[in-house]
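Have a look at the structure below, then the notes.
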Amino acid sequence: MAEPAPSRPILFGETHDSLSTRLAEAGEPAFRARQILDWVYKKRVADANAMSNLPARLRAWLGETYDLAPARLVLTKTSSDVTDKLLLELHDGALIETVVIRAPMLGVGSERSRKTICISTQVGCAYGCRFCASGLAGWKRDLAAGEIVAQLLAVCRLEDPRTERAREELASFDNIVVMGMGEPLANYDNLLRALTIVNADWGLHFGARRITISTSGLAPQIHQLAAEPLGFRLAVSLHGATDEVRAQIMPINRKYPLAELLPAVRAFSDKHGRMITLEFILIAGVNDAFEQARALAAIARDLHAHVNLIPYNTVEGLPWRRPDEARQDAFADILHRAGVSATLRREKGHDIAAACGQLRLQTETARADAKARQITQSVGAKGEGH
Ligand code: SF4
């Protein structure tokens, strides 16, 4: 797997232990690690010069040694249904997406909404699910652990630039879902390092049980994840309840067919005692037949899994469309009548290209068009000289 090559290491990718080691190598006492991490994660300060309880030489060393701003916010889009989408640019110009989804909490008053942050783990994706914008331009690289953590810090700064308010904002986040661009389990080591930082008391101190890792179905890594001590939640993108239908839209199914995937999911569920979520995007004429609903119900019952039905979100350049609402309801009814816990989600963020990867794709296309125009103009200018 290709690794990003930032000019300097990213501070947000350091654990307490690794930072202590680096500090010891630089001749600094170990307790400085905790002070620095407090500035970064508790006080949300990204400027080494503002870390006022550090000696001047250490502040200078931090600034010279580490990249403290690995993700630059280039675009924010807010949808009418209160979904925010952030487009972030990394040190090499790569673009990634981070999404904040707010859902009103019934009975708690209009002030409070449940906030979920959806983060990316790769630039592009190699898995080529047929319905997904992230896979359209292929895989470019894995994100470093610090780039994964940086997305959460970018959201905190977006909420309110004032440090004190930003701290409250992060405390009010309810969930993190690793469901953005890329296949998280294909970037396993960086993902686990990032989530360790997110979970640690010296880091963002965010409970593992409020973090959901969503995979397209990498069976060996699901087994690996089951053996980890931290009990994250697991969501599996099923999108087809038989190998025949699933393989049509998810090439990964050829490598890990249901006979391999489902036992891995069960092993995770047995180990952590958590209800798994099966994601199922409803695509008209592809996977919305009632036989699919019945097969899905059998799988979900067997795994004691919850099913999330998501009507397909149109992606520019792809031919699929969502079934009409009557069909969606009838599909959900089959699951409910079979005793399966299932939610039919009306997609959020439709008007801001919320289907993962679309905003990045649109921006990259616009950039490529602008570059092409520049080249054409300069060729035109040269042409005039001939
Ligand atoms: S759905 Fe996930 S695994 Fe499939 S192409 Fe999109 S980002 Fe990759």
Distance between Cα centroids, the range 196-267 to the range 283-321: provide it in whole Å. 17
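Calculate the FRET efficiency for Asp47 and Ala126 from the Cβ-Cβ distance with a Förster distance of 51 Å, rounded to the nearest 0.05. Please report the intermediate quantities before stating the final value.
Details: r = 36 Å, r/R0 = 0.71.
Given R0 = 51 Å and the Cβ-Cβ separation, E is 0.90.
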With r as the distance between the Cβ atoms of Arg327 and Arg8 and R0 = 51 Å, compute the FRET efficiency 1/(1 + (r/R0)^6) and round to 0.05. 0.45
Kindly write out, for the range 184-195 in residue order, the coupling ³J(HN,Hα) from the Karplus curve 6.51 cos²θ - 1.76 cosθ + 1.60 (θ = phi - 60°), rounded to whole Hz, with x marking Gly and Pro. x, 6, 7, 10, 4, 5, 5, 4, 5, 5, 4, 6
Cross-link list Lys42/Lys85; Lys42/Lys255; Lys77/Lys255; Lys43/Lys77; Lys140/Lys255; Lys43/Lys271: which exceed 31 angstrom alpha carbon to alpha carbon? Lys42/Lys255; Lys77/Lys255; Lys43/Lys271
Please give the length that would be gained between Ala60 and Arg72 if that part of the chain were fully extended, namely 0.36 nm times their separation in residues minus their C-alpha to C-alpha distance (nm, one decimal). 2.1 nm
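Every number here is computed from the coordinates shown, using simple stated rules; none is lab data. All values derive from a computational prediction rather than experimental measurement. Note: ideal-geometry Cβ built from the backbone for every residue, glycine included; neighbour counts use all protein chains shown.
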